[in-house]
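J.: One structure, pasted below without further comment.
Derivation of every value follows stated rules applied to the coordinates shown; laboratory data play no part. This structure is a prediction, so every number in the text was calculated from the model and none was measured. Counting neighbours? That spans all protein chains shown, and the Cβs are built from the backbone with ideal geometry, glycine included.
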Ligand code: LLP
């Protein structure tokens, strides 16, 4: 293949015309190179960021997030308005959550979806109106339900029959009426990685369509519950509208059937809109997918002769994924000869100072990422590379396949694109690495929004260590 420099490069990986280029498809809007060739994030160079906050470092382009999230909100609302209804847009906070982003979401007038007591606590602490919070989860504890009802969350999504009684009893004890949705497993498997597909039969989420009428009757019969409507979430990182459309049709047929028992104000279509992780990706715009979905909603409602309900969506990744990047420092480098393929090949293994603890997605889903040399440009030839972490696992990979300049060297900084969703939130302390800090950059100013963990944070939970050091100030290597 003319566009392959190496026999082990995947077909989709094009040899970059310019190895230093910054593809707007994957990078935040305010990431560019300065006149020295160094990467700038909203006016701050990666060197400045690394010097001030250390590496690895999660960096969010705040204006990019605001514009992206606003654009998606408007696209979903427009798609709904076209068919004579409204759309409530929840930010799925599992993608990335801290109180700062809750305040951004709040400023944008978005609602927020939380999936645990911890996420609920963070959303509440971020100051959003509890009425704009929706609580999910397939195994909410009574304590979590109690906190949500007491806070006055706008909706709780029922995921199993037993939760109906649990939510009703908690609401009864607090003398409240709690609005609930019922999550349906429509059996549709959206076209994505198997582990990311949540609406097919053989999985833990939701209620089969056939079982829904009895459960809805139970909800309606309880004076401490109010039935808001049905909910689905067909999967994540979805590019094709087909799965959304098929699942939504099934949901509307059920919605229509249930109307005989009373009004149903809303229909929640879930999240899952895919994004570009690498230049070879071609994610459709959220507007395009949303229009396809609302066209199907309108057609199905008209066929069944029912009123179009108010819609709700729950995108996470699409709002925040491309707004965040990770900066790493390069440590060791190896040109590994591979002789067991059809042709001998070499892959450059570039080790960085983080890895699967700050980005678990390649190890979990074989997710692909894109990287560039960030602290300088290079005139060297492109070299097929794999960016790996510092953990004791061969699957500890940050960027599976990409080209980096052949002269990439220790102490260079690399930037990895589209790490804004499900990287910080899936991070761990594997090998006792401390979780990196998170900064937001705007108009030439970098602001710490989540401080990095220290070893003292890790020792703070180690009981024997704490007992041995009782009374003395705990050690903190980073001061
Ligand atoms: N609503 C519900 C009920 C969900 O379970 C999810 C994601 C979303 C909305 C948001 O989906 P999004 O728009 O972000 O695709 N850890 C995986 C993704 C798991 C998603 C789980 N649920 C990853 O890193 O790709």
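J.: For the chain, what does the helix formula give at 222 nm: sum of -39500 (n - 2.57) over DSSP H segments with n ≥ 4, over the residue count, nearest 500 deg cm²/dmol?
T.: -8500 deg cm²/dmol
J.: Sticking with this structure for a sec: As I understand it, the value is the acute angle between the Cα axis of helix 242-258 and the longest principal axis of the Cα atoms of the chain; what does it come to in degrees, rounded to 10?
T.: Roughly 20 degrees between the two axes.
J.: Quickly work out the residue 333-to-residue 169 label distance, labels modelled 7 Å from Cα along the C-beta direction, and quote it in nm with one decimal.
T.: My value for the distance between the label points is 6.3 nm.
J.: Taking square-rooted eigenvalues a ≥ b ≥ c of the alpha carbon gyration tensor, is the chain rounded, prolate or oblate, where a/c under 1.5 means rounded and, failing that, a/b exceeding b/c means prolate?
T.: Prolate shape, in that a/c is at least 1.5 and a/b is the bigger ratio.
J.: Oh, and also: Does region 63-321 classify as rounded, prolate or oblate by the C-alpha gyration tensor (a ≥ b ≥ c root eigenvalues; a/c under 1.5 gives rounded; else a/b over b/c gives prolate, otherwise oblate)?
T.: oblate
J.: In addition: Relative to the longest principal axis of the chain, what angle (0 to 90°, nearest 10) does the C-alpha long axis of helix 286-304 take?
T.: Rounded to the nearest ten degrees, it is 20.
J.: If one takes the longest principal axis of the Cα atoms in the chain, at what angle in degrees, from 0 to 90 and to the nearest 10, does the Cα axis of helix 212-221 lie?
T.: 60
J.: Would you please classify the overall shape of region 45-156 from the alpha carbon gyration tensor, given that a ≥ b ≥ c denote the square roots of the eigenvalues, rounded means a/c under 1.5, and beyond that prolate means a/b larger than b/c while oblate covers the rest?
T.: Taking the square roots of the gyration eigenvalues as a ≥ b ≥ c, region 45-156 is oblate.
J.: Ok, one more. For residue 223 paired with residue 343, estimate the spin-label separation in nm (one decimal), with each label point 7 Å from Cα along the Cα-to-Cβ line.
T.: So the two model labels end up 7.8 nm from each other.
J.: Still on this structure, please answer the following. Sketch the reach of a paramagnetic label on residue 107 as a point 7 Å from Cα along Cα-to-Cβ, and name the residues of region 323-365 whose backbone nitrogen lies under 19 Å away.
T.: Those under the cut-off are 323-325.
J.: Oh, and also: Rounded to the nearest 0.05, what FRET efficiency do residue 406 and residue 201 have when you use their Cβ-Cβ distance and R0 = 41 Å?
T.: Here the calculated transfer efficiency is 0.25.
J.: Now for a different question. Between region 340-393 and region 124-156, what is the C-alpha centre distance in whole Å?
T.: About 40 Å separates the Cα centre of region 340-393 from the one of region 124-156.
J.: If you don't mind, there's one more thing I want to ask. Packing-wise, with mean Cβ within 10 Å as the measure, how do 306-318, 430-442 rank, highest first?
T.: The packing order, highest mean first, is 306-318, 430-442.
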